[in-house]
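The values are calculated or read from the model by the stated rules, or taken from the named source; none is laboratory data. Not measured: the values here are computed from a predicted model. We place every Cβ from the backbone using ideal geometry, glycine too, and count neighbours over all the protein chains shown.
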Amino acid sequence: MAPSPRQRRNQLLGAMPAPVVRRLEQHLHPVELKTRDVIYEPGDRLRHVLFPQSGVISIVNVMQDGRSIEVGTIGHEGMTGVTALSGVDFVPYRCVVQIPGTALRIQRADFIKLVGRDPQVQHLILRYYIAFTSQLMQSAACLGLHSVEQRCCRWLLSTDDRVESNAFSLSHEFLALMLGTRRTSVSLVMKQLRDCGFIEYHRGTITIIDRAGLAARSCECYGVVAETFRRFMGTQAG
């Protein structure tokens, strides 16, 4: 039996065996992901798992002085609460909605009960965890070694991979927060990318015009992360 249409939109759920999908189906509930909604704060108990269908969730590291920076993202290729099966019941970072969309939510206890002993699912989620951790490591290197323009291009490309059209809503202020830089720096980069014909933006909506142009100006991190997910999961998450 093939996964239902609503489950097929999440690639991790779609890769699970059909009997597992059938067990999960009655416990999965659709939820809306709204921009800047905080799903978890550092130290929160891990009470549920989300499988995004569309939109993007940011993994944000928060410093003691309140400053924060994005270190990873989750889209329709993955899930939040990936450590649920390992017995970890708290979240060490902030999870916040970056791009609005939808997700399927299941209680952590139900998820563990239904799939915790299935070796195929354990193997699949372990492979996803490795790919996701590789993304975090690449993001750390990218932050320290690459320019704001390169990181901005990478961010635009990876977001474009996860949304349903080539346009999405995003303010320069929020993008600056995600990239850990000043709003003025982001605005300058975005103007340069628009002048080159790579993007267009109007009233908070960014439209990707030329992916090849963005890829040429991006750092290698976009391709490295995308290739890692293809290798481990058969999916893409730049």
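What residue, among those in the range 152-169 that are aliphatic (A, V, I, L, M) and outside any helix (DSSP H, G or I), is surrounded by the fewest Cβ atoms within 10 Å (Cβ to Cβ)?
If we take residues in the range 152-169 being aliphatic (A, V, I, L, M) and outside any helix (DSSP H, G or I), then Ala167 is surrounded by the fewest Cβ atoms within 10 Å (Cβ to Cβ).
If you check Ile39, Ile59, which single one turns out to be closer than 23 Å to Asp110 by Cβ, surrounded by 21 or more Cβ atoms within 10 Å (Cβ to Cβ) and among the hydrophobic types (A, V, I, L, M, F, W, C)?
Exactly one residue qualifies, and that residue is Ile39.
Would you point out the residue of the range 54-71, among those that are under 24 Å from Pro30 (Cβ atoms) and assigned to a strand (DSSP E or B), that is farthest from the chain's Cα centre (by Cα)?
Ile59
Hey, does the range 111-126 have a residue that's under 25 Å from Val163 (Cβ atoms) and within 13 Å of the chain's Cα centre (by Cα)?
no
For the range 73-109, give me the residue count where each residue is of a type in the set (Gly, Ala, Ser), in a strand (DSSP E or B) and surrounded by fewer than 23 Cβ atoms within 10 Å (Cβ to Cβ).
Qualifying residue count, the range 73-109: 0.
Can you find a residue that is in a strand (DSSP E or B) and either small (Gly, Ala, Ser) or under 18 Å from Gly55 (Cα atoms) (or both) anywhere in the range 207-222?
Yes, some residue in the range 207-222 is in a strand (DSSP E or B) and either small (Gly, Ala, Ser) or under 18 Å from Gly55 (Cα atoms) (or both).
What are the pairs with Cβ atoms under 8 angstrom where one residue, in the range 162-189, is over 13 Å from Val148 (Cβ atoms) and the other, located anywhere, is surrounded by 19 or more Cβ atoms within 10 Å (Cβ to Cβ) and at pLDDT below 85? Sequence gap at least six, or different chains.
From the range 162-189, the pairs are Arg162/Ala237.
Residue by residue, here is whether (1) modelled with pLDDT of 90 or more; (2) in contact with a Leu (Cβ under 7 Å, 6 or more places away or on another chain) holds:
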site	(1), (2)
Gly144	no, no
Leu157	yes, yes
Gly180	no, yes
Ile206	yes, yes
Ser218	yes, yes
Tyr222	yes, yes
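Six or more apart or on different chains, Cβ atoms under 6 Å: show the pairs whose first residue is in the range 116-137 and assigned by TED's automatic domain parsing to the domain that holds Gly81 and whose second is in a helix (DSSP H, G or I) and polar (S, T, N, Q).
So the pair list comes out as Ala131/Thr228; Ser134/Thr228.
So Gln192 ticks every box in (1) modelled with pLDDT under 90; (2) assigned to a helix (DSSP H, G or I) but one. Which box is left unticked?
For Gln192, the failing item is (1).
Looking at Gln53, Gln11, Gln26, can you tell me which residue is surrounded by fewer than 21 Cβ atoms within 10 Å (Cβ to Cβ) and of a type in the set (S, T, N, Q)?
Testing whether each residue is surrounded by fewer than 21 Cβ atoms within 10 Å (Cβ to Cβ) and of a type in the set (S, T, N, Q) leaves just Gln26.
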